[in-house]
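Heads up, the thing below is written out as structure tokens.
The values are calculated or read from the model by the stated rules, or taken from the named source; none is laboratory data. Keep in mind that this is a model prediction, so the values were computed, not measured. Cβ placement follows ideal geometry from the backbone for every residue including glycine, while neighbour counts extend to all protein chains displayed.
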Amino acid sequence: MTDETRVGQEDVAGGVTVWVEQQVRNTPWWLISIAFHLIVLAGMTVITFQDDVKKLDPPQITVLPPRAKPDLLPPLRDTVDTAPGWSPKDVPVATEKNDEPILPNYEDAIDGHKNTSDVDPLVDNDGMRGESRDLVGAELGGETGFGRGQGGPGVHRELGVGGGAGTGGRWGDPFSDGSRNMRKVGLAGLPKGTTAATENAVTYGLRWLARHQGTDGAWSADGFHHQCKGTTCTHSGYKEYDAGVTGLSLLAFLGAGYTHLSKESYTDEVTGKKIRYGDVVKSACKWLIEHQDAEGCFGGRSGHKYMYNHSIAALAMTEAFGLTNASLFREPAQRGIDFLAAAQMPYKAWRYSKNAPDNDTSVTGWCVMAMKSAEMAGLQVSRSSYDGAKNWVSEVTDEQYYRTGYTAKNTGKVVVPGKNDDWDNHDAMTAVGMLCRIFIEKNEKDPALVGGARLLVADLPQYSGKKVDYYYWYYGSLALFQLDGPKGQFWNGWNTAMVNALVPNQKAKAGGCQYGSWDADVDRWGFEGGRVYSTALNVLTLEVYYRYASAFGGKR
């Protein structure tokens with residue numbers, strides 16, 4: 001990186017005009033940026049970069065300190081072995097809140113599918129995948145008290161990335177051994193890295209989300225507290241990201257295997273209400289469908305960065321369709337993908353709005369993920385959209401250390417002045433770029449994968465001061481699990497640090513209505529999506545073990 005710095009500032013909620021002067025880029029050819037920074041992401045308000053300086057009034061210019069030179073990274077072996085929290089011989093175990101996992105109660109699931117399409121337009125059993133895709137009731141047995149069961153309604157296998165996803169296969173098993181939704185069969189059948197602590201964290205996180213879902217089926221970034229009972233939950237976000245946090249929350253339930261047909265229910269410990277997971281999913285899907293415009297855009301276009309909302313919602317809708325094959329989800333999912341193609345810059349990627357004159361890796365990452373989900377669900381996806389994304393990711397990735405930039409190569413730190421200036425910078429865009437490469441090409445020999453992994457394991461998750469970045473942890477977890485999970489050296493060290501950062505810091509029962517959530521004010525980007533964003537994203541991170549199969553089958 002040069003000594004010159006560029007500071008571009010962008011307005012989000014207000015009306016501050018954004019000017020960004022970009023240097024000529026050394027062009028490679030790639031894509032992406034799955035940097036899930038949406039409403040949930042990095043940079044949803046005013047952003048400041050490093051590079052060339054351009055000053056505009058009235059915004060105050062902030063010159064950020066240059067980032068450490070990549071050539072200071074230690075050799076690979078030292079990077080992995082000496083990273084904080086990583087010991088190859090004695091991996092620390094996260095503090096567990098309970099000894100036994102909170103696994104599904106199938107009391108309401110044993111009756112099988114019931115055709116209720118005559119009263120509920122979202123139930124379409126004729127189009128559903130059959131019992132071969134349904135998951136099981138728990139069986140007693142085994143050291144954990146649970147064993148593999150037989151098919152039950154409404155709990156389904158996750159979307160498969162390994163075993164063909166890199167080349168565009170159909171929906172498949174998340175694991176190479178052909179298992180179903182591994183979360184539903186007890187710890188004895190769960191993949192390496194999963195513990196009672198991580199599973200309980202997922203369960204309580206989902207319960208917090210269900211407790212704070214609005215009566216209309218959506219989650220509100222700034223109004224979720226209207227659903228609170230007793231102590232009011234804190235840390236609101238911006239209303240313009242409601243569609244985005246609704247998509248993220250829906251993805252968290254889908255990632256755990258719940259669909260709109262799921263029968264499992266429980267009594268909420270805070271409100272005393274009986275909640276059925278299938279109803280949570282169904283009402284969220286209905287809200288998204290009702291908030292899709294004629295062109296296919298989800299969530300409206302009133303916000304400055306509505307492509308974040310749309311791409312995340314499109315990802316959720318394609319997964320809802322892919323997990324169930326419900327015909328009523330097909331058209332909304334396909335139209336959402338069609339809008340992505342229409343909104344893309346020719347031969348390049350995406351930005352905050354349709355056909356914007358520039359591109360960014362963060363929005364592009366969400367778009368690529370939605371397209372990959374659609375492809376695996378059997379929907380139509382434009383090959384040229386993949387090519388453009390690939391071109392972008394390649395263009396903004398340096399060829400020596402494989403660090404991926406945000407709006408250009410060597411972008412530097414991205415901040416919102418007055419909000420997160422003093423938070424540490426992390427390689428979230430590099431993780432997004434890695435994940436995009438895997439989803440688009442699945443080339444195990446791509447040097448950008450190992451190069452990017454070295455950058456990530458040199459900066460492991462730490463729940464400390466200004467180091468907290470849930471977005472980085474989410475994408476880093478996805479990218480490294482895809483690369484060499486569930487047993488590789490990159491993944492093992494990262495996983496240990498990630499679990500130790502997230503699980504002990506989830507709000508406990510003593511927190512009242514906050515029980516099961518994560519604070520947003522400690523996070524680098526939490527001010528944008530609030531507590532709904534932080535909780536949904538962290539649940540998705542802890543579902544990494546079974547949500548997507550490792551692309552390379554753990555062979556690395």
> For the stretch 242-267, which residues satisfy the criterion of being assigned to a strand (DSSP E or B), polar (S, T, N, Q) and in contact (Cβ under 8 Å) with a residue 60 or more places away in the chain?
Replying inline: Ser265
> Going by the conditions given, is Thr271 in contact (Cβ under 8 Å) with a residue 60 or more places away in the chain and within 21 Å of Glu543 (Cα to Cα)?
Replying inline: no
>> Residue under question is Ser311, and the condition is that it be surrounded by fewer than 19 Cβ atoms within 10 Å (Cβ to Cβ) and within 22 Å of the chain's Cα centre (by Cα); does it hold?
In response: no
> Out of the stretch 228-260, which residues are surrounded by 23 or more Cβ atoms within 10 Å (Cβ to Cβ) and hydroxyl-bearing (Ser, Thr, Tyr)?
Replying inline: Tyr241, Thr246, Ser249, Tyr258, Thr259
>> Tell me the residue from Val270, Val280 that is out of contact with any Leu (no Cβ under 6 Å at 6 or more places or on another chain), over 20 Å from Gln334 (Cβ atoms), in a loop (DSSP other than H, G, I, E, B) and of a type in the set (Val, Ile, Thr), please.
In response: Val270
>> If I ask for residues that are of a type outside the set (Lys, Arg), in a helix (DSSP H, G or I) and surrounded by fewer than 24 Cβ atoms within 10 Å (Cβ to Cβ), which ones from the stretch 458-482 would you list?
In response: Gly465
> Which one is farthest from Asp398 (Cα to Cα), of the residues in the stretch 316-367 that are of a type in the set (Ser, Thr, Tyr) and assigned to a helix (DSSP H, G or I)?
Replying inline: Ser327
> Within the stretch 438-456, is even one residue within 22 Å of Thr203 (Cα to Cα) and part of a loop (DSSP other than H, G, I, E, B)?
Replying inline: no
>> Just the residues that are closer than 25 Å to Lys390 by Cβ and within 14 Å of the chain's Cα centre (by Cα), please, taken from the stretch 440-472.
In response: Tyr471, Tyr472
>> If I filter the stretch 286-304 for residues that are in a helix (DSSP H, G or I) and farther than 19 Å from Phe224 by Cα, do I get at least one hit?
In response: yes
> Among the candidates Lys273, Lys354, Lys263, which residue alone is touching a helix residue (DSSP H, G or I) at 6+ places or on another chain (Cβ under 6 Å) and either surrounded by fewer than 21 Cβ atoms within 10 Å (Cβ to Cβ) or at positive phi (or both)?
Replying inline: Lys354
>> Exactly one condition in (1) more than 26 Å from Lys419 (Cα to Cα); (2) crowded, with 24+ Cβ neighbours inside 10 Å is false for Arg454; which is it?
In response: (2)
> With (1) of a type in the set (A, V, I, L, M, F, W, C); (2) in contact (Cβ under 8 Å) with a residue 40 or more places away in the chain; (3) farther than 17 Å from Leu250 by Cβ; (4) surrounded by fewer than 21 Cβ atoms within 10 Å (Cβ to Cβ) as the list, and Ala294 as the residue in question, which single condition is left unmet?
Replying inline: (2)
>> Against the condition farther than 29 Å from Tyr546 by Cα and charged (D, E, K, R), how does Lys354 come out, does it pass?
In response: yes
> Restricting to the stretch 278-288, what's the tally of residues that are surrounded by 20 or more Cβ atoms within 10 Å (Cβ to Cβ) and either of a type in the set (Asp, Glu) or out of contact with any Lys or Arg (no Cβ under 8 Å at 6 or more places or on another chain) (or both)?
Replying inline: 7
> So which of Gly278, Gly299 is closer than 21 Å to Leu340 by Cβ and within 22 Å of the chain's Cα centre (by Cα)?
Replying inline: Gly299
> If you check Val363 against the conditions, is it among the β-branched types (Val, Ile, Thr) and within 17 Å of Asp459 (Cβ to Cβ)?
Replying inline: no
>> So if I check each of Ala536, Ala551, which one is part of a helix (DSSP H, G or I) and among the aliphatic types (A, V, I, L, M)?
In response: Ala536
> Does Ser373 fit the bill of being modelled with pLDDT of 95 or more and either closer than 23 Å to Lys442 by Cβ or not hydrophobic (A, V, I, L, M, F, W, C) (or both)?
Replying inline: yes
> Would you call Ser362 surrounded by 23 or more Cβ atoms within 10 Å (Cβ to Cβ) and closer than 15 Å to Ile312 by Cα?
Replying inline: yes
